[in-house]
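This report concerns only the one structure given below.
The values are calculated or read from the model by the stated rules, or taken from the named source; none is laboratory data. Computed from a predicted structure; not experimentally measured. FYI the Cβ positions are ideal-geometry reconstructions off the backbone, even for glycines, and counts take in every protein chain you see. The accessibility values were calculated without ligands, DNA or RNA, using every heavy atom of the protein model including side chains. Shrake-Rupley method; radii C 1.70, N 1.55, O 1.52, S 1.80 Å.
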Amino acid sequence: MVRRTKEDALATRSQLLDAAERVFSERGVTHTSMAQVAEAAGVTRGAIYHHFSNKMALIESLMERVRLPIDEMREQIAQQPEFDTLVEIQERTNEFLNRVATDPRVQALANILMHKCEYIDEVNPIKLRHLSGRNDCICDVEALFEKAINEGQLPPQVSPRIAVIGLFGLVDGLIYNWLMDDGYFPLVEYGEAAINTYMNGLKA
């Protein structure tokens, strides 16, 4: 019997993640079984459980293979001692919208988390994982807003917490509605205009 190579295992894992992305997007997380994901990937049930113990593990792996702009922002900020704080916030936010609009994996993951993941007991760990990542992002951007206030780029009466919650609410709303009907408005063009208006409002 021929032993499976590491390359074969990685290829199978990638097949399963691609299939999970498709099937979760079509049917929703709750209404999709591990067996259905395996069938869509063209592998056995044993193969899927060899790589992923449950749907939570599948979702986590889908999230881990999508590199989000917030991760890149953390690295770039750590590497550069000086930068324009408000420009950094706005550029990274715009980049995130662009990634959702143009990167199929980012778009699929956003659609699954916003529209296809019913947060009931079965998938509650996925909700907690999503909230954990979101909260980390909020803390990072809140610190940037506080920095902008300390540098005099924003008025002292601006609350960093309220500013970041407002920005995230705006971005989430844009993405949520665009995913419902991506032909209704251009996400990047309208999104950048809305974010620019919001940031200018904070400066006023």
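Which of the residues spanning segment 1-21 are part of a helix (DSSP H, G or I) and either of a type in the set (Asp, Glu) or exposed (fewer than 15 other Cβ atoms within 10 Å of the Cβ) (or both)?
6, 7, 8, 9, 10, 11, 14, 18, 21, listed by residue number.
In the list 75, 118, which residue meets the criterion of being modelled with pLDDT under 85 and closer than 27 Å to residue 145 by Cβ? Write out each step before concluding.
Working: 118 fails: closer than 27 Å to residue 145 by Cβ.
Among 75, 118, only 75 is modelled with pLDDT under 85 and closer than 27 Å to residue 145 by Cβ.
Where the second residue is hydroxyl-bearing (Ser, Thr, Tyr) and the first is within 15 Å of residue 114 (Cβ to Cβ) and lies in segment 17-33, which pairs have Cβ atoms under 8 Å and are six or more apart or on separate chains?
Short answer, once both residue conditions are applied: 24/32.
Mind counting the residues in segment 127-144 that are of a type outside the set (D, E, K, R), in contact (Cβ under 8 Å) with a residue 24 or more places away in the chain and within 20 Å of residue 199 (Cβ to Cβ)?
Looking only at that region, the number is 4.
Kindly check whether there is at least one residue in segment 104-111 that is open to solvent by less than 60 Å² (accessible area, probe 1.4 Å), assigned to a loop (DSSP other than H, G, I, E, B) and aliphatic (A, V, I, L, M). Break it down into steps so the answer makes sense when it comes.
Narrowing segment 104-111 to residues open to solvent by less than 60 Å² (accessible area, probe 1.4 Å): 106-111.
Keeping just the survivors that are assigned to a loop (DSSP other than H, G, I, E, B) gives none.
No, the conditions are met nowhere in segment 104-111.
Out of 151, 192, I need the residue that is of a type in the set (Asp, Glu) and open to solvent by 80 Å² or more (accessible area, probe 1.4 Å). Which one?
Values: 192 fails: open to solvent by 80 Å² or more (accessible area, probe 1.4 Å).
The unique qualifying residue is 151.
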